[in-house]
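The values are calculated or read from the model by the stated rules, or taken from the named source; none is laboratory data. It should be emphasised that the depicted structure is a prediction, and the values quoted were computed from it without experimental measurement. Using ideal geometry, Cβ is built from the backbone for each residue, glycine included, and neighbour counts are taken over all protein chains shown. Each accessible area value is taken on the protein alone, full model and side chains, heavy atoms only, with ligands, DNA and RNA left out. Shrake-Rupley method; radii C 1.70, N 1.55, O 1.52, S 1.80 Å.
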Amino acid sequence: MNLNLQHYINGEWIGAESENKRQIINPYNQEIIAVVPEGNESEAKAAIAAAREAFDNGEWATTPATERGAIVTKIAELIERDKEELAELESLDTGKTVEESRGDMVDIAGVFRYYGQLADKDGGELIDSPVPNSISKVVHEPVGVCGQITPWNYPLLQASWKLAPALATGNTLIMKPSEITPLTTIKVFELIEEAEVPAGVANLVLGAGATVGAELSSNVDVDLISFTGGIETGKKIMQAASGNVKKLALELGGKNPNIIFADTDLDLAVDQAMNGVFFHAGQICSAGTRLIVEEGIHDTFVNALVERVKQFKLGSGFEEGTQMGPLISAEHLAKVEKYVETGMKEGATLAVGGARPENPALQNGFFYLPTIFTNCTTDMDIVQEEAFGPIITVEKFSSEQEAVKLANDSIYGLAGGVFTNDIAKAERCAAKMRMGTVWINEFNLYFPHAPWGGYKQSGIGRELGKLGIEEYTETKHIFQNLKPEPLHWF
Ligand SMILES: NC(=O)c1ccc[n+]([C@@H]2O[C@H](COP(=O)([O-])OP(=O)(O)OC[C@H]3O[C@@H](n4cnc5c(N)ncnc54)[C@H](O)[C@@H]3O)[C@@H](O)[C@H]2O)c1
Ligand SMILES: C[N+](C)(C)CC=O
């Protein structure tokens, strides 16, 4: 593997000689695909010191935004140049199909392009000051040193949502990818180096959350922590960040409702219900795993969905025709199996799946069959909790109000969908659904221009769009008195 399997700190690749190593496993066959250094608090502290020095005494923060934007755009061009290598690395690391990874790489280059062109579009604002003979202006400045922590399901996509805006706005950063899927993040740091981002501005530390991640979250020299991952980890990071009142950006879990009205196009709704869940074996924060179906079409819809799901082809992400790869790890497979067991115990009806595949060719991978539970009720754990796998629960509703009530009965508020031909009804539902993204007659579509993030326990703040770059700025009001005179008040 032609990759710098090391940390990248202060412009240097280090760690090859480290005795602490971690094996990176291909979830399709459990083969070791790489061995990387396992960083800990000392590497994290070294990276934080490099980022602090680069921000406080370097030139990145004061580099003209146009120049920073050009460098971020250069990274996009390099990603496009190496997109096939990146896609194959991503699929090797995560098990997702290479077709999905190719789509991710297009999205990722688009994120860097979007923020590359946005970098110099915020010249601040002159305020029409109410004070005579004065100038009042508002400017946006970089936050400072940013800790960035990402999950294993979309390693480079979630990293791009953090790296691109942080660099575009003149911040310095320390990126910690998930310890189980670091390969494409390592590769993008090779491209960051090739794009000549100054040493110390962007740093990469490989390692676990409880060591490297915890240091980034608590260290007083880190000004902002941007985290994407599970709710429980997010709570730990909130606590750790409170030490120096860091700025927080949290992108957390989801249990995303997909409301199917009887007046929808059935084929469309069945097709989109699968698109909403089974990409990457359902390991998607915004997976529409909570189907809420109008009574009148429930049986027809479920039967059609079950028949389509029974045809799924599971296999290697590199094999032509594979529709679903493995789950990420043995631990995660066990978690998904536990949720299926819970669903059975709670009285849900297993309509399809509910087991590992019997295909001998898949026995070395962490495979699980696409699974659908019917006769589900909102009080069930299988309905309320994020299994983060290929499991759909189906509830019934009889009125628009009931559908929205069910959709909102959740601690989560990341995303949701509504399928109906009555657009006024769809808009009424969208207005009442308490979540950061609502799709009407679509599911799981996202692009750099629109903000992404959650209501309730699905997170704090937004990534993507203009809000995604504002997360990485502080706002300052500069007031200038043009005719200063003593007040003689005291
Ligand atoms: N909202 C979104 O945009 C979004 C996108 C992708 C994934 N997710 C969520 O991520 C979760 C799956 O990812 P995961 O299993 O990698 O999540 P996770 O919370 O287990 O780990 C995420 C990252 O946090 C690190 N980490 C773990 N403990 C830490 C600690 N104490 N301090 C600091 N860092 C720590 C991990 O090393 C990893 O890099 C799901 O809940 C999914 O919904 C959300
Ligand atoms: C890529 N995204 C954020 C839509 C789903 C992540 O799990």
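Inside region 177-206, residues that are touching a helix residue (DSSP H, G or I) at 6+ places or on another chain (Cβ under 8 Å), surrounded by fewer than 19 Cβ atoms within 10 Å (Cβ to Cβ) and outside any loop (DSSP other than H, G, I, E, B) make up a count of 1. Any residue that is more than 10 Å from ligand 1 (Cβ to nearest atom) and either modelled with pLDDT under 95 or not in a helix (DSSP H, G or I) (or both) - is there at least one of those in region 230-239? Within region 230-239 (the criterion being more than 10 Å from ligand 1 (Cβ to nearest atom) and either modelled with pLDDT under 95 or not in a helix (DSSP H, G or I) (or both)), the answer is no, since none of the residues qualifies.
What about Ala46, is it open to solvent by 30 Å² or more (accessible area, probe 1.4 Å) and at pLDDT 95 or above?
Numbers: open to solvent by 30 Å² or more (accessible area, probe 1.4 Å): yes; at pLDDT 95 or above: yes.
Spelling it out, Ala46 is indeed open to solvent by 30 Å² or more (accessible area, probe 1.4 Å) and at pLDDT 95 or above.
Scan region 326-378 for residues that are among the β-branched types (Val, Ile, Thr) and surrounded by fewer than 19 Cβ atoms within 10 Å (Cβ to Cβ) and jot them down.
Looking only at region 326-378, we keep the residues that are among the β-branched types (Val, Ile, Thr), and these are 328, 336, 340, 342, 349, 352, 371-372, 374, 377-378.
Those that are among the β-branched types (Val, Ile, Thr) and surrounded by fewer than 19 Cβ atoms within 10 Å (Cβ to Cβ): Thr342, Thr349, Thr377, Thr378.
Criterion applied to Gly69, Gly123, Gly116, Gly110 was being open to solvent by 30 Å² or more (accessible area, probe 1.4 Å), within 24 Å of Leu467 (Cα to Cα) and either under 23 Å from the mean Cα position of the chain (by Cα) or free of Cβ contacts under 8 Å to residues at least 40 places away in the same chain (or both), and the one residue passing it is Gly123. Report yes if Ser160 is open to solvent by less than 10 Å² (accessible area, probe 1.4 Å), of a type in the set (Gly, Ala, Ser) and either over 19 Å from the mean Cα position of the chain (by Cα) or under 19 Å from Thr94 (Cβ atoms) (or both), otherwise no. So Ser160 fits the description; yes.
Determine whether Ala262 is more than 23 Å from Tyr154 (Cα to Cα), open to solvent by less than 10 Å² (accessible area, probe 1.4 Å) and not in a strand (DSSP E or B). Can you show your working first?
Values: more than 23 Å from Tyr154 (Cα to Cα): yes; open to solvent by less than 10 Å² (accessible area, probe 1.4 Å): no; not in a strand (DSSP E or B): yes.
Answer is no for this residue.
One residue alone among Glu179, Glu215, Glu141 is more than 16 Å from ligand 2 (Cβ to nearest atom) and over 29 Å from Thr475 (Cβ atoms), and that residue is Glu179. Filtered by the rule that a residue be surrounded by fewer than 24 Cβ atoms within 10 Å (Cβ to Cβ) and of a type outside the set (Asp, Glu), region 400-412 gives Gln401, Val404, Lys405, Leu406, Asn408, Ile411. Among the strands (runs of 3 or more DSSP E) confined to region 397-481, the ones with at least 2 residues that are closer than 28 Å to Thr228 by Cα and within 16 Å of ligand 1 (Cβ to nearest atom) are located at 415-419, 437-440. Looking across His280, His298, one residue alone is farther than 26 Å from Glu474 by Cα and open to solvent by 10 Å² or more (accessible area, probe 1.4 Å). It is His298.
Close Cβ contacts (under 7 Å, 6 or more residues apart or on different chains) running from residues in region 292-310 that are touching a residue at least 24 places away in the same chain (Cβ under 8 Å) to residues that are among the aromatic types (Phe, Trp, Tyr) and part of a helix (DSSP H, G or I) comprise Val293/Phe301. Here Phe279 meets each of (1) touching a helix residue (DSSP H, G or I) at 6+ places or on another chain (Cβ under 7 Å); (2) without any contact (Cβ under 8 Å) to a residue 60 or more places away in the chain with one exception, condition (2).
For every residue, the table says whether it meets (1) more than 13 Å from ligand 2 (Cβ to nearest atom); (2) open to solvent by 40 Å² or more (accessible area, probe 1.4 Å); (3) within 25 Å of Ile259 (Cα to Cα); (4) in contact with a Gly (Cβ under 8 Å, 6 or more places away or on another chain).
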site	(1), (2), (3), (4)
Pro390	yes, no, yes, yes
Lys432	yes, yes, yes, no
Glu442	no, yes, yes, yes
Leu445	no, yes, yes, no
Trp452	no, no, yes, yes
Leu487	yes, yes, no, no
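Restricted to region 207-228, and to residues there that are touching a strand residue (DSSP E or B) at 6+ places or on another chain (Cβ under 8 Å) and open to solvent by 20 Å² or more (accessible area, probe 1.4 Å), the residue that is farthest from Ile48 (Cα to Cα) is Gly209. Consider Pro155 carefully, then state whether it is farther than 21 Å from Asp221 by Cα, within 16 Å of ligand 2 (Cβ to nearest atom) and open to solvent by 10 Å² or more (accessible area, probe 1.4 Å). Judged against the criteria, Pro155 is not a match.
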